[in-house]
1. Checking the table K97/K153; K39/K97; K39/K108; K39/K144 against a 27 Å threshold on Cα-Cα, which pairs fail?
2. Give me the 1.4 Å probe accessible area per residue for segment 50-165, excluding ligands and nucleic acids, in Å².
3. Just how much of R76 is accessible, in Å², when a 1.4 Å probe is used and the result is rounded to the nearest 10?
4. What aspartates and glutamates does K137 reach when the alpha-carbon gap must be under 18 Å and sequence neighbours fewer than 8 apart in one chain are set aside?
5. Where does the charge balance sit around H91 when Lys and Arg score +1, Asp and Glu -1, over other residues with C-beta under 13 Å from its C-beta?
6. So if we plug the beta-carbon distance of S37 and D136 into 1/(1 + (r/R0)^6) with R0 = 41 Å, what FRET efficiency do we get, rounded to 0.05?
Amino acid sequence: MMFRILILLFCFSTFCKAQNHELDSIKQQTYALKQDSNKVLALHDLCKKYFSIDNDSALSIAITALKISTEIEFERGIVQSLFYIGNTYYHFKNFPKAEYYYNESLAKAIAINFDLFTAFNYRHLGNLQHEQGFFDKGVSLQRKGLNIHLAMKDTLVIAQCYLRI
């Protein structure tokens, strides 16, 4: 029995190392891309993958995406980068910084009519309020996000909104 457990642990650690190696390879390929909107979008995808593994790396990637987005004046990239920076601070439980970045992203998303991330920001600001015990304000913000998702007919996210409310 002990031998089987050791084999399982060995297999699991080997799998984790292989996954980290694969992510490192993707990271190197992404950073090698030229400075354009495709690189920013690739960095956002990479950032989402790192959220569950390493928040420090996710934050670094999101900041890099923000810098590139600002340099090339890619407004949607700026909105998304600010949002992902807010997410990393949320995972660090640094709620004031998370709220700051979500609000920055929200303001820019509203300015350019980027409905999807307007809704995401409302929802995440609602989550922040909920985490801090301000349930009424959290539900109000969640409902703002829900209304946008209802207009978009985004059923998966609508279900997530109702679950959180």
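1. Those over the limit are K97/K153; K39/K144.
2. Using a 1.4 Å probe on heavy atoms only, each residue of segment 50-165 averages 51 Å².
3. 110 Å²
4. E99
5. Net charge around H91: 0.
6. 0.55
The values are calculated or read from the model by the stated rules, or taken from the named source; none is laboratory data. Nothing here was measured: the structure is a model prediction, and the numbers come from that model. Every residue, glycine as well, gets a Cβ built from its backbone with ideal geometry; the counts of neighbours run over all protein chains shown. In case anyone asks, the SASA skips ligands and DNA or RNA and just uses the protein heavy atoms, side chains included. Shrake-Rupley method; radii C 1.70, N 1.55, O 1.52, S 1.80 Å.
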